[in-house]
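This report refers to the structure that appears directly beneath it.
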4 protein chains.
Amino acid sequence: MKVAVLGATGMVGRTFVGLLEGHPWFKVEKLVASERSAGKRYGELVEDAPEEFREIEVVSLGEFLKDPDVDLVFNALPASISREVEERLAEQIPVFTNARAHRYDDDVPILVPEVNPGHLKLIEVQREKRGWNGFIVTNPNCSTAVLTVSLAPLVEFGIKRVHVATMQAISGAGFSGLSALAIQDNVIPLISGEEWKIENESRKILGRLDGKGITPAPFEVSAIATRVPVLHGHTEAVFVELERGSVEEIRGAFGAFDPLKELDLPSYEKPLVYTDVPQPRLHRDRGRGLTVTVGRLEESGSAFKYVVTGHNLVRGAAGGSLLNAELARRLGYI
Amino acid sequence: MKVAVLGATGMVGRTFVGLLEGHPWFKVEKLVASERSAGKRYGELVEDAPEEFREIEVVSLGEFLKDPDVDLVFNALPASISREVEERLAEQIPVFTNARAHRYDDDVPILVPEVNPGHLKLIEVQREKRGWNGFIVTNPNCSTAVLTVSLAPLVEFGIKRVHVATMQAISGAGFSGLSALAIQDNVIPLISGEEWKIENESRKILGRLDGKGITPAPFEVSAIATRVPVLHGHTEAVFVELERGSVEEIRGAFGAFDPLKELDLPSYEKPLVYTDVPQPRLHRDRGRGLTVTVGRLEESGSAFKYVVTGHNLVRGAAGGSLLNAELARRLGYI
Amino acid sequence: MKVAVLGATGMVGRTFVGLLEGHPWFKVEKLVASERSAGKRYGELVEDAPEEFREIEVVSLGEFLKDPDVDLVFNALPASISREVEERLAEQIPVFTNARAHRYDDDVPILVPEVNPGHLKLIEVQREKRGWNGFIVTNPNCSTAVLTVSLAPLVEFGIKRVHVATMQAISGAGFSGLSALAIQDNVIPLISGEEWKIENESRKILGRLDGKGITPAPFEVSAIATRVPVLHGHTEAVFVELERGSVEEIRGAFGAFDPLKELDLPSYEKPLVYTDVPQPRLHRDRGRGLTVTVGRLEESGSAFKYVVTGHNLVRGAAGGSLLNAELARRLGYI
Amino acid sequence: MKVAVLGATGMVGRTFVGLLEGHPWFKVEKLVASERSAGKRYGELVEDAPEEFREIEVVSLGEFLKDPDVDLVFNALPASISREVEERLAEQIPVFTNARAHRYDDDVPILVPEVNPGHLKLIEVQREKRGWNGFIVTNPNCSTAVLTVSLAPLVEFGIKRVHVATMQAISGAGFSGLSALAIQDNVIPLISGEEWKIENESRKILGRLDGKGITPAPFEVSAIATRVPVLHGHTEAVFVELERGSVEEIRGAFGAFDPLKELDLPSYEKPLVYTDVPQPRLHRDRGRGLTVTVGRLEESGSAFKYVVTGHNLVRGAAGGSLLNAELARRLGYI
């Protein structure tokens, strides 16, 4: 299948490109970026670009939209311009997007393939309602992706409430998103819009698809989001109240969580590994960035507490989106 | 009053010495450290020692104990050797200590002067029970100090439960406590014993003194403690459930909290200031390190959430202990 | 004297304002910033502004130029707009500027007051040539300021050649000048234009004023400039070849360097202190940021080597400029 | 060939083990560490140990020395105990060591295979003189390794003098070698013994082997060594005076430097790559850590200046030593 990556020179776009190197199903045909980058070779623009793609000539978004001519689009453009671009492309082509533009639409799934694969069915609603040949599948915000992978095995114990404090990496803010002078030797407990996203996206992802839409999960999620001086890897301290379950049972459920193993997706890795002390620098690259590391599980009063860490650019963005596409293909949606 | 500082060359000891420069009530007579440092001038051992104390000859603990000859002791020794040393000194001399050795004794207060000044009355129980002329007053663990200053104004709203995730500074681990290779570009969600301390010390501090002991506060406190690459200043993300109260009322209570203002203690600073986005590097030195900064208060589902940051070596250790001594003197205990 | 600070909300501007708090000679009358900031109180724009200036209403540059009405201007505007602004102001008012716009003009001194106070005489040339009532005095680039303070005591030994590698702090790039993702866990050996400035400004500063201009010092200066993950404080590794002198003599000259002591300038601090191991975090605030720390002096083959560190925003920018103004006043130029 | 790694749990030892994973010539038979680690599986001691070695039971040094039974030893023990251990082993077995214990012996080469492969001939001197069946080959100190790879292509231009300022990574100090509180937000311009090593080892490496010993290269090397807050990768700012040559010629020599290409060593990578702005975080892993990155070459007065960066644990330690062993085998010494 011929694939295009939109926003291919940004942080998330580069991660898409890196993950698509040597992919058995998806062949990168077009790398799309801003007018300024158009006409340059990708290797000129991205110093550590994979050999395979260094010679590809980057095209501008305007040029690309005139004649996409690919079978699949991965979108890493900013949210501000994504809504229109995605809708136009989805008329003909499946779009897997990291942008938040359509995440909260009733007929668009926020997909974490190991967590809510069934939500892919929304594609049918979407096509019917919008008359598209293609479709849009979003992945969640990076913190939500890491969180929901750790919450999925807890669903069977009856989640009643979640309190989560995030310690998010610098690269989550984009290449120039954060001034060194702001974050060095500091913690910044403000990431605009992030807490709302975590609270609402996770409830949609863990919600129930019935008929034509998703009913958000009925439990409360409350988040405090902070930025810390770490390059990559979001770490989250989680307090969760459950209907039932013991530390042993939960630990067992964490360890056993491997729901898509049988599907043999090309990029699939065990999504969750338990380690005594999860740490972003040590564990962010586990499973080529797709494995989330959970640990420090303890019962504490009426709640359980644990810590989870995962790669924000891979599990939390490009890698999750790629898995979404692989799942969609395996399940026959593309 | 003649004062000795035990452990004067460590991180907390230096902070004591710095705060005692030019103190109107307490005159540093003795700086006590290990055998290895004994006989050297303080200025040789501590590059940035205040001019006032540079020429003082450091004495060894053994030497000091033979003939303390001071009116008051500040203790910054490690917990391991503090129990015995403190008990021996307290027979004659008031001891204000940062060590945890006696914190959990029934007749020893963990004092945060703005939060539980009434607990000083335990001194009487202590003297009676132990037959001492002196006494022991402890300050809490650094994270607990910062947390309880922010919880004190919430007591009137009926605290039901507290979930707190800490992001603690490197200096909390002592000068050589943490390898650079461990913490650089990382978050380490394990600080040995810390969570237990936060959970139990805060309930003792906010507990009720009746007759001869303290009944811990009846609410749950659950903590996840992490270390982040910040030099000084512990930051804490707090979820608190209350019986009643609104964001406006709580914000008002934070702003109004200034309980010892009238006592005119020499080192007193407003203990709590509300700021939109509290940040350790920007706010740790507020009020010469004694002011805790709180912000980001929001209602979130059934809980309120906020962030608080404060200087772990000052508010969380030496500064808190010094305020304890000032309060004890003002109230006539010394 | 009534004073204006141009560019008062940037990194260097804030440093000017901080240093002018309670100044015995200079009273801040006007704080000038961009159109966007105009009309706001300074305390709204700069969180940690000194109490004294919080209520001052910031004026726009356009507004200010219409009617400066001050006796002295400190300029912290970017170089790009400084040339014209400074020339217009200098027609009537003395301008002390951190911008590089006029540094390389024949009749404008680059002044480090302890190093080349005699160059102030260029003011006379300037006034005569340009017909101004005011004048322009520049301070050097931050790395050059630190370097030349350490080179000045070596002049008597006959400087033949200087090789210097700088390790410069983040704040030298301005508040948003450097992305956290670029510098975290990294060294960036490229600071645009910096090496040229160090090489040429230091030779002008150490040059000889004869008649109407300055002949640059006859020795070679070669610089490699790098950025390191340090907040404030530029550190420089210096190799210097001398005509004569021993380690003891040079060390003595470093220690004795205190040339303006007798002038009793309000902000003056000993400009150079020798310490075994100079380090930016430990020593940048020495002498309120005006003292440069030198150390590790050794003879090594045909050269001497040493390390020097100093505060880039104070000694290397606003503080140096303020000392320039104080010297100019003491010497009767204003 | 059966191989043992001594000091297998330290920073350099782990790097040896990582590089030996799947090695076509060398099979790790024994992992040797302290008494404390003996008896444990390697995977228990080193979280990220390669799968291949996780189950190997670590043996103590004492146990190992009783019956080494391997064909080759890689030594990553501390210098303090290495002298005796290496001499005892070398009686029978070739030893490739990162320890400095024997580096300065007349009959022991400090080998950088791309730089001074001919020095391997000292093995013959060594065997004859000491009556050993085995031998000792050392690799240089980490900073020297990076420096000499960049100097080797300059030899043809006649090196007259070298001034080098290093910015060295934290991991060069070993796992617990450096306190986070010391280096965070700081530069520490003191690394004990390092400058002497750089100055002397580089002259030995670039020296001439004649008859039975090495005459150090006749040029001066002067070094200032600093530690910076970077995890891995030493960066060096180099000023070099040459007899002849232009920027173009030198740049060409840097680019062409690939001396052992024909030998087809299993771990060989191009040793030197020219990049505009070499940076430790971006380039330390080039060529799996064996490639040194050079850039910023300019002529500056009577010298040339450039910047070079390379991985201190790979190129500067274990990787260099492994290449030494591969070269020795290819040339028939083992």
* **Matching residues, segment A:233-276, being hydrophobic (A, V, I, L, M, F, W, C) and in contact with a Gly (Cβ under 6 Å, 6 or more places away or on another chain)** => A:242
* **Check on residue B:212, out of contact with any helix residue (DSSP H, G or I) (no Cβ under 8 Å at 6 or more places or on another chain) and not small (Gly, Ala, Ser)** => no
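Condition test on residue D:143, is it among the polar types (S, T, N, Q), at pLDDT 95 or above, buried (at least 20 other Cβ atoms within 10 Å of the Cβ) and under 25 Å from residue D:77 (Cα atoms)? Before the answer, list the steps.
Working: among the polar types (S, T, N, Q): yes; at pLDDT 95 or above: yes; buried (at least 20 other Cβ atoms within 10 Å of the Cβ): yes; under 25 Å from residue D:77 (Cα atoms): yes.
For residue D:143, the condition - among the polar types (S, T, N, Q), at pLDDT 95 or above, buried (at least 20 other Cβ atoms within 10 Å of the Cβ) and under 25 Å from residue D:77 (Cα atoms) - is met.
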* Asked: Does segment D:110-124 contain at least one residue that is away from every other protein chain (no Cβ under 13 Å), farther than 30 Å from residue D:246 by Cβ, surrounded by fewer than 21 Cβ atoms within 10 Å (Cβ to Cβ) and of a type in the set (D, E, K, R)?
  -> yes
* Options D:10, D:22; residue that is over 19 Å from residue D:82 (Cβ atoms) and within 24 Å of the chain's Cα centre (by Cα) -> D:22
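With respect to residue C:214, determine if the residue is touching a Gly at 6+ places or on another chain (Cβ under 8 Å) and either of a type in the set (Val, Ile, Thr) or without any contact (Cβ under 8 Å) to a residue 40 or more places away in the chain (or both).
Yes, satisfied.
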* Pairs only if they're at least six apart or on different chains, beta carbon under 9 angstrom, first in segment C:114-135 and free of Cβ contacts under 8 Å to residues at least 60 places away in the same chain, second aromatic (Phe, Trp, Tyr); list them, first residue then second. => C:124/C:135; C:124/C:333; C:126/C:132; C:126/C:135; C:127/C:135
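Determine whether segment D:293-312 contains at least one residue that is away from chain C (no Cβ under 14 Å), buried (at least 24 other Cβ atoms within 10 Å of the Cβ) and closer than 20 Å to residue D:227 by Cα.
No: segment D:293-312 contains no residue that is away from chain C (no Cβ under 14 Å), buried (at least 24 other Cβ atoms within 10 Å of the Cβ) and closer than 20 Å to residue D:227 by Cα.
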* To do: Give the residue that is farthest from residue D:280 (Cα to Cα), with candidates limited to residues of segment C:172-194 that are free of Cβ contacts under 8 Å to residues at least 24 places away in the same chain and crowded, with 22+ Cβ neighbours inside 10 Å.
  => C:180
* Test residue A:113 against the criterion of being assigned to a loop (DSSP other than H, G, I, E, B) and over 24 Å from residue B:229 (Cβ atoms), and give yes or no. => yes
* To do: Please specify each residue of segment C:162-182 satisfying the condition of being small (Gly, Ala, Ser), assigned to a loop (DSSP other than H, G, I, E, B) and facing another protein chain (nearest Cβ under 7 Å).
  => C:176
* Just to be sure, is residue D:187 over 25 Å from residue C:183 (Cα atoms) and among the hydrophobic types (A, V, I, L, M, F, W, C)? -> no
* **Of all residues making up segment B:250-268, the number that are out of contact with any strand residue (DSSP E or B) (no Cβ under 7 Å at 6 or more places or on another chain) and under 26 Å from residue B:305 (Cβ atoms)** => 5
* To do: Return the only residue of C:193, C:211, C:172, C:207 being under 19 Å from the mean Cα position of the chain (by Cα) and farther than 27 Å from residue C:10 by Cβ.
  => C:207
* Structure fact -> Given the conditions (1) surrounded by fewer than 21 Cβ atoms within 10 Å (Cβ to Cβ); (2) aliphatic (A, V, I, L, M); (3) closer than 23 Å to residue D:182 by Cα, every one holds for residue C:256 apart from (3)
* Check whether at least one residue in segment D:44-51 is touching a residue at least 60 places away in the same chain (Cβ under 8 Å), of a type in the set (Gly, Ala, Ser) and under 18 Å from residue D:16 (Cβ atoms), and report yes or no. => no
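Would you be able to tell me the number of residues in segment A:296-323 that are touching a Phe, Trp or Tyr at 6+ places or on another chain (Cβ under 6 Å) and under 29 Å from residue A:242 (Cα atoms)? Give the derivation first.
First, pick out the residues of segment A:296-323 that are touching a Phe, Trp or Tyr at 6+ places or on another chain (Cβ under 6 Å): A:296-297, A:303, A:305, A:318, A:321.
This time we only want the ones that are under 29 Å from residue A:242 (Cα atoms), so: A:296-297, A:303, A:305.
Of the residues in segment A:296-323, 4 are touching a Phe, Trp or Tyr at 6+ places or on another chain (Cβ under 6 Å) and under 29 Å from residue A:242 (Cα atoms).
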* Structure fact -> (1) more than 30 Å from residue B:182 (Cα to Cα); (2) surrounded by 15 or more Cβ atoms within 10 Å (Cβ to Cβ); (3) of a type in the set (S, T, N, Q) all hold for residue A:246 apart from (2)
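The values are calculated or read from the model by the stated rules, or taken from the named source; none is laboratory data. Please read all numbers here as calculations on a predicted model, not as lab measurements. Note that each Cβ is placed from the backbone with ideal geometry, even for glycine, and that neighbours are counted across all protein chains shown.
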